[in-house]
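Asks: Dropping a structure here in structure tokens format, bear with me for questions.
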Amino acid sequence: MELNGVFIEDEYAEAFPNWACRVIITAINEKWAVNAATEATGFATSAIGCPCEAGIERILTPEETPDGRPGVAIMIFTGGKKKLKEQVVERLAECVLTSPTAAVFDGMPEAEERIDVKLHFFGDKFEHKVEVGGRKCWAIPIMNGEYIGEEEFGIVKGIAGGNFFIMGESVEAALEAAEKAVDAIKTCAGSITSFPVVASGSKVGSKAYKFMVATTNEKFCPTIRDLVEDTKVPEGVACIYEIVIDGVDEDAIKAATKAGVEAAVTVPGIKRITSGNFGGTLGPYKFQLSEIL
């Protein structure tokens, strides 16, 4: 099929189950809310080598936050509940509690499963309970006033590894399309792009180095197109970027994929859109591009 003149390969993305937590971070203005969110989601691109996968879901207006201030929603994904709790605790304690004027709130209050994130001990007995927007929080005295935060967060069984590949005739075209795709996905609730754009797509394992858990996906490397017998780089393609999507459920990943692809194909110079999979060995979820679009 074609979309806006761009060939869409009838391929599927293969994804796997994960646990997800959504955290709302607010601050005195959007700049500092974004700063805290950026710090809290650092070193969290891929579970291959990072302790979790995390990213900014979207910017929130004061009307969407419990304390009526500018905010940012972030999402954190890991393979297990224990690991997820560890990552939420560490990232809020080291990156948000330390950020000027920051406050945190549960982004999934409707979730049945919960984790405790007890940061109030930092108050050394000077902390006290408060209510903000109808939510029970702790206030910890700090040097710029008080840090306000909820200490119970909802978690759900999410999905990681949704993806699509953008193939362009140049780096400039492919990168512009990738940026537009990520911007479009940021409008879709319940999903993140943890990288947010992947330049070094990988495959499981290695043909040459047995100690490597992941190595370059040579089938999608334009500079060695003529050296790889089963290359997936079409003629005329000079650059490929991968967009990886984690979501709270299948519908979230489908909506993000659709929005991202539709945005990417508006850029001149995009030749093809496809998806990556490992023949069913990575995970049970399949997101077929033709069905999503």
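The values are calculated or read from the model by the stated rules, or taken from the named source; none is laboratory data. Everything quoted here is computed from the prediction, not taken from an experiment. Counting neighbours? That spans all protein chains shown, and the Cβs are built from the backbone with ideal geometry, glycine included.
Asks: Out of (1) in contact with a Phe, Trp or Tyr (Cβ under 8 Å, 6 or more places away or on another chain); (2) at pLDDT 95 or above, the odd one out for N277 is which?
Replies: Tallying (1) in contact with a Phe, Trp or Tyr (Cβ under 8 Å, 6 or more places away or on another chain); (2) at pLDDT 95 or above, N277 fails exactly one: (2).
Asks: Taking the stretch 56-85 only, how many residues are within 18 Å of the chain's Cα centre (by Cα) and not small (G, A, S)?
Replies: 15
Asks: Can you go through G260, G276, G280 and tell me which one is among the small types (G, A, S), closer than 21 Å to G49 by Cα and in contact (Cβ under 8 Å) with a residue 12 or more places away in the chain? Break it down stepwise before answering.
Replies: On the way: G260 fails: closer than 21 Å to G49 by Cα; G280 fails: closer than 21 Å to G49 by Cα.
Answer to the check: G276.
Okay, residues lined up against (1) of a type in the set (G, A, S); (2) out of contact with any Ser or Thr (no Cβ under 6 Å at 6 or more places or on another chain):
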{"site": "A177", "(1), (2)": "yes, yes"}
{"site": "K180", "(1), (2)": "no, yes"}
{"site": "I185", "(1), (2)": "no, no"}
{"site": "I192", "(1), (2)": "no, yes"}
{"site": "F195", "(1), (2)": "no, no"}
{"site": "S200", "(1), (2)": "yes, yes"}
{"site": "G205", "(1), (2)": "yes, yes"}
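Asks: Given the residues K203, K210, which is the only one that is surrounded by fewer than 20 Cβ atoms within 10 Å (Cβ to Cβ), touching a helix residue (DSSP H, G or I) at 6+ places or on another chain (Cβ under 9 Å) and over 30 Å from D106 (Cα atoms)? Walk me through it before giving the result.
Replies: Working: K210 fails: touching a helix residue (DSSP H, G or I) at 6+ places or on another chain (Cβ under 9 Å).
Answer to the selection: K203.
Asks: Here's something else I'd like to know. Just give me the residues in the stretch 166-194 being within 18 Å of F287 (Cβ to Cβ) and surrounded by fewer than 24 Cβ atoms within 10 Å (Cβ to Cβ), in sequence order.
Replies: V182, A184, C188, A189, G190, S194
Asks: Keeping to the stretch 237-293, report how many residues are among the aromatic types (F, W, Y) and either surrounded by 21 or more Cβ atoms within 10 Å (Cβ to Cβ) or under 16 Å from the mean Cα position of the chain (by Cα) (or both).
Replies: 2
Asks: Among the residues of the stretch 38-52, is any under 22 Å from F122 (Cα atoms), touching a helix residue (DSSP H, G or I) at 6+ places or on another chain (Cβ under 7 Å) and not basic (K, R)?
Replies: Among the residues of the stretch 38-52, at least one is under 22 Å from F122 (Cα atoms), touching a helix residue (DSSP H, G or I) at 6+ places or on another chain (Cβ under 7 Å) and not basic (K, R), which makes the answer yes.
Asks: Moving on. Mind checking whether some residue in the stretch 97-117 is among the small types (G, A, S) and surrounded by fewer than 15 Cβ atoms within 10 Å (Cβ to Cβ)?
Replies: Scanning the stretch 97-117, I find no residue that is among the small types (G, A, S) and surrounded by fewer than 15 Cβ atoms within 10 Å (Cβ to Cβ), so the answer is no.
Asks: Pull up the stretch 213-236, narrow it to residues that are more than 21 Å from the chain's Cα centre (by Cα), among the hydrophobic types (A, V, I, L, M, F, W, C) and surrounded by fewer than 20 Cβ atoms within 10 Å (Cβ to Cβ), then point me to the one that is farthest from T41 (Cα to Cα).
Replies: Here the residue is L227.
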